[in-house]
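See below for the structure under consideration.
The numbers here are math on the coordinates, done by the rules we state, and not lab data. Owing to the predicted nature of the structure, the values given are computational and were not obtained by experimental measurement. Every residue, glycine as well, gets a Cβ built from its backbone with ideal geometry; the counts of neighbours run over all protein chains shown.
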C-alpha cells in the first residue's frame, strides 16, 4: 500500500533534541532521538513488553532507555542492558531505520535498507543559505498523502480556498497558461499569471506599482513538493528571467504518509527579501499558517466524504494535469517496488 | 434499511439563508441552499474530487460554487462551469433531491423522484397562523429514529423521564384511558387524564382553579408525529370539545432518519394563549428544551445498550400499543417500497 | 475470554448509596444499588426496552425503578410492577449477580452462581481495623487487566516509572534479591532491598537515620493483588521480623476486568503510623494518586502499541518471574472454568 523505498521527512532537525519524539511513517511507529549529536530512528516498541520508547524514554549517553523497565537500546536498535540481569539475549533488538540529518530536516527510509542511498535525498540549500530566511510549520492532516500531493500540484484552488490569504483572482489562476512535464523522475508544473493583482500575502513583501507578472514553478517527487513562486511589476521581465525587485518564495512541502488516511506536512517557505525584519517575518508566518489550516480543513472534509463513498468515481478537469502526472509517478514507483521488493524493516 | 419514499423534514426554512447547510438524510449527505429565494438540495459531494459543497461553498446568483476548485452547480445538480476550461462534460452532475418549502419547514425526498408528490406533504398551518405562536428547536439524537417514534407514541414516560418538567402524576399517566387506531395511513393514540394535577409547564400558561381534565391526541405517520395536548379546569367540558380557557399546545415533532443509529429532531410547539408575551414565551421555550434534552439522554442511553446486546429481545407492555402500531405502519411502508422500488437518488 | 468464576471488586461500598451506580464487569453492564442497607447487582438493561437502569433509576423501598417507563425490579431482578397494567408476565426479569459487601468493598461474581461461595472472598481486615488508616482510589484503565497484574507483580518498574514519587534507586530495585512462589492458589513474590535510600514517599512517614532495609511482599490471586511494603533503618532487623519503628503500608489492588481492553483499579493503601494526621494523610494520598496516574499512562501506552501489533511476540526477562507465574495461574483458572463450565449469568 505504501511506497516505502523513498526518503520522507520524519521531522525538523530542531524538534529532536533532549527528548525523544514519536512519529508514525508509512504505518510504522518510530521514535526519533539524538545521542551525542547523531540522530537515530527505532521502532517505537520495546521488545520486552511493547512499551512505546517515546513515551518518557530517556536518552543517556549513547542509549535510549525504556521508560517502563529500563531496558537500554543503542542507535542500531541493539539492546545493551537489561536491569537486574547480566546477560542480554541475542534476540533483544528492535528495528532501526536509516535516518539522515540534512538542511535542518530529518529524512527517514522505511523500505529496503540496502537501497537507502543518502545521495538521493533532495538537497534544499535554502535552509542553510544566509541569503534566505525561513520558519518551520508542522501539521498532521487526516487525509491520504495523495490528496495533499494533488492539492499542491493544482494551484487553481488558491483563488477559492485561499481567497482571503494568498489567493488572488480566481479567473487569473484558472485561466493561467500551464505546462506539465514529466522528466528526471519528477513532475514539473509551470504556470504564468501575467498582469494580475498581487495577493495580500505578496503586498507584505513589496510595494508593487500595480499589477504583477506572477509565476508558479512546481516540482514534485514522492515525499517532496517544492514550489517556487513570486511576482514582479508587470512587464518588467519576470518571464525572461529577471526576477529581482519583487517577492520570491521557495516553498518546501514535505509530504509524508503516516497511515492510509493521514499524513504529515512539514512546510517551510524561504524568502530572499527584507531579511531580519522580525515583524514582517511574523506576519508572513501567520499568513502561511492560516493558509495551511485552510488546506487542512478542505483536505479533511474531502477525505471524510471519500471514505463515506468507497469506490465511487470522479471526473477530471484541465487543472488536474499536474496531479494526474504526480499520481502516475507514484504508481510507477509502487509498481517498481512491488517488482524488486522492499524489505520490511 | 431506510424508508426512502417519504417526505422528511430536512431543516427549518429559516436555517437556510445565505450559507449552505449540511444534513445527512437516510444515510445521504446533502447540502441545502437557497438561490433567489428558492431552496434546493444536492448531494454534498463535488463530482470533481469529492469536496463537501457545504463546507464553505458559496451561493452566487443561481449557482452553488464548490469551495475547493470553484466548479459551479445549479439547483438541478448540473455543473454549469468548470474554471479554466470552456466545456463542461455531460457527466458533470450531482444528484439533486426534491425539496419543498412549506409552513416554515424544508421537506426532502430521497426516494424515487417520480413518486415525490408535494401534495402529500403534511400541512401544518399553525406555523402560518397569527393565532398561534411557536419557536423552533433542532436536535440531533444518536438513536435509530424508531426509538424516537416509540418515545412520542407512548407518553407514559412523562411521569418518569419528565417528572421535573412537563411530567405530572406517573400513576395518572399510566392509568389513563387510551385508544389506539390505525386509519388513513396514520396511527392515532388518544389519551384522557381526567381530574389530574396540572404539571408545572401548564401552570405557566394558565391559573387553574385546581385539578384539570387533560388530553393527549397523538397522530403518527413516518417522518412526523403531531401531539395536540392541553387541559382545562376539571369538569368544564374538555372531553366534550370545550377546550378554551385553559392551555393548548400543538406539538410538531419532525423525526428524520439520519443514519442507522442517529436521527434529527425538528420540534415546534405552537400555543394559542397569551400571545406576544416574551417572558412567558422564553419560559415555555426553556422548559420544552429541557424536556427534549431529557428525552435525548434517555434515547441515547437506550440505543447504546441495545447496540451492546444485538439480537436480544424485549417484552411488550400495555403502554406500547401505540408504538407497536407505529412500527407496523413503518414496516408496511418499507415492504411496499421494496416491492415497488425506490430509485436511489 | 474472561475468567468469570471469580470474585472481583465491583465498587467501594461507600460509592453505592442513594443513587444506583453503573459498572461493566467482564463485559457485562451491571447496575449496583442499595435498598434498605442491602446491596444488589442487576444487569443494567431494562427488560422492556433496554434502558440502562443506572441512568437516573430510582431506588424506592426495596425496588429499583426504571427511569424510562417506571418498571420496578427487586434485588433478585424480578419485575414487581409495570405501570398501567395489573399483571406482570413471568418472563419480566433481568439477571441478578451475587454481590457481597465486606471490608468496605463490594465483591461481584459474574460466573456460575452455584459456585459463588462468599467464604472464598479475600478477607481484608485492615479496612476495619482502627490501628490502620486508608483512603480509596478508583481508576478505570484502558488496558487488559493482565497488564495491570504484570505491573503489580514486577516492582522493578518503580525505579523508572515512579522515579519522582515512590521510586528509589533503579539499580537497587533491579538488583534486589527476589523469591517467587506459587502456593495455596496464589503467587507470592518477595523482594528485599537492603541498605537502600528511602524514597520520598517513605520520608513522609518517618525520619530515617540514613539508608533503610526495605521489603516488598506481593500476594497475587485473580482479582486482587496485595502488596505489603515498608522499611526500617538499615540493619535494625526488618528481615528478621522486627518491622516497627519505620513505615509500613498494606496495599490493596483490586483488579477487575471491564472489557477485553479495559479494567477497573480499586486501590487502598493502609498505614499503621501517625494515624489521624490529616495533612500527612493528604500528602500520602496525593503521592499515591500521582503514582497510579503514572502507571495508568504507561499501561495505556503499552496497550495501544500492543493492539497495533497483534500477534507479535516479546522477550522475557528475569524480573518477569512473578508476572509469568501470575499469568500461568490465571490460565489454569480459565482452563478449569472451560472444563467445568461457568453459567452465563
Relative to the longest principal Cα axis of chain B, at what angle does helix B:321-340 sit, 0 to 90 degrees, rounded to 10?
20 degrees
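Can you tell me the FRET efficiency between residue B:171 and residue B:125 if r is taken as the Cβ-Cβ distance and R0 is 35 Å, rounded to the nearest 0.05?
On the way: r = 36 Å, r/R0 = 1.03.
After rounding, the FRET efficiency stands at 0.45.
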Does chain B come out rounded, prolate or oblate, given a ≥ b ≥ c as the square roots of the eigenvalues of its C-alpha gyration tensor, rounded meaning a/c under 1.5 and, failing that, prolate meaning a/b above b/c?
prolate
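Inside 10 Å of the C-beta atoms of B:51-62, what's the mean count of C-beta atoms belonging to other chains? Working shown, then result.
Values: counts 9, 6, 2, 1, 7, 7, 1, 2, 0, 0, 0, 0.
Taking all residues of B:51-62 together, the mean is 3.
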Simple label model, 7 Å out from Cα along Cβ direction - residue A:307 to residue C:38, nm
5.1 nm
Report the Cα centroid-to-centroid distance between region A:100-138 and region B:177-204 in angstrom, as an integer.
74 Å
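Using a 10 Å cut-off around each Cβ of peptide C:153-163, what is the average number of partner chain Cβ atoms that fall inside?
Values: counts 0, 4, 0, 5, 8, 0, 3, 12, 6, 0, 3.
The shielding value for this peptide is 4.
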Proxy exposure order for A:179, A:163 (fewest C-beta within 10 Å first) is A:179, A:163
If you average the C-alpha positions of region C:31-64 and of region C:223-243 separately, how far apart do those two centres end up, in angstrom?
44 Å
Label spacing, shortest first and in nm, from residue A:86 to its equivalents in the remaining copies (7 angstrom along Cα→Cβ):
8.8, 8.8
Virtual spin-label span in nm between residue B:293 and residue C:181, 7 Å along Cα→Cβ:
6.0 nm
The simple spin-label model distance between residue C:340 and residue B:87, using points 7 Å out along Cα→Cβ, in nm, is 8.1 nm
Mind ranking B:96-107, A:326-337 by how tightly packed they are, going by the mean number of other C-beta atoms within 10 angstrom, highest first?
B:96-107, A:326-337
Which of the peptides A:4-10, B:126-132 is most tightly packed, and how do the rest follow, going by the mean number of other Cβ atoms within 10 Å of each residue?
A:4-10, B:126-132
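Counting other C-beta atoms within 10 Å, which of C:44, A:316 has the fewest, and how do the rest follow? Don't skip to the answer; put the middle values down first.
Details: C:44 27, A:316 13.
Neighbour counts put them in this order, fewest first: A:316, C:44.
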Quick one: the Cα spread of the protein assembly as shown along its three principal axes, in angstroms, biggest first?
95, 93, 52
Report, as an integer, the average count of C-beta atoms from other chains found within 10 Å of each Cβ along A:317-326.
3
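Given the Cα-Cα distance of residue C:240 and residue C:100 and 0.36 nm per residue of separation, how much length would full extension add, in nm?
Working: separation 140, 0.36 × 140 = 50.40 nm, distance 3.76 nm.
Taking residue C:240 through residue C:100 to full extension adds about 46.6 nm, to one decimal.
As a check on your grasp of the helix formula, calculate [θ] at 222 nm for chain A: sum -39500 (n - 2.57) over DSSP H runs of n ≥ 4, divide by the residue count, round to the nearest 500. Spell out each step's value before the answer.
On the way: 6 runs with 74 residues, N = 345.
The helix-only estimate for chain A comes to -6500 deg cm²/dmol at 222 nm.
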Among C:60-66, C:116-122, C:89-95, B:47-53, how do they line up from the highest to the lowest mean number of other beta-carbon atoms within 10 Å?
B:47-53, C:60-66, C:89-95, C:116-122
Would you please classify the overall shape of region A:7-119 from the alpha carbon gyration tensor, given that a ≥ b ≥ c denote the square roots of the eigenvalues, rounded means a/c under 1.5, and beyond that prolate means a/b larger than b/c while oblate covers the rest?
prolate
If contacts are Cα pairs under 8 angstrom and at least 6 residues apart, what is the relative contact order of chain B in percent?
19 percent
Enumerate the residues in region C:1-32 having an amide nitrogen under 18 Å from the point lying 7 Å beyond the Cα of residue C:114 toward its Cβ.
C:4-6
Tell me the distances, shortest first, between residue B:204 and the same position across the other copies, using label points 7 Å along Cα→Cβ, in nm to one decimal.
5.0, 5.0
Taking the label point 7 Å from Cα along the Cα-Cβ vector, the copy-to-copy distances for residue C:338, listed from shortest in nm with one decimal, are 4.0, 4.0
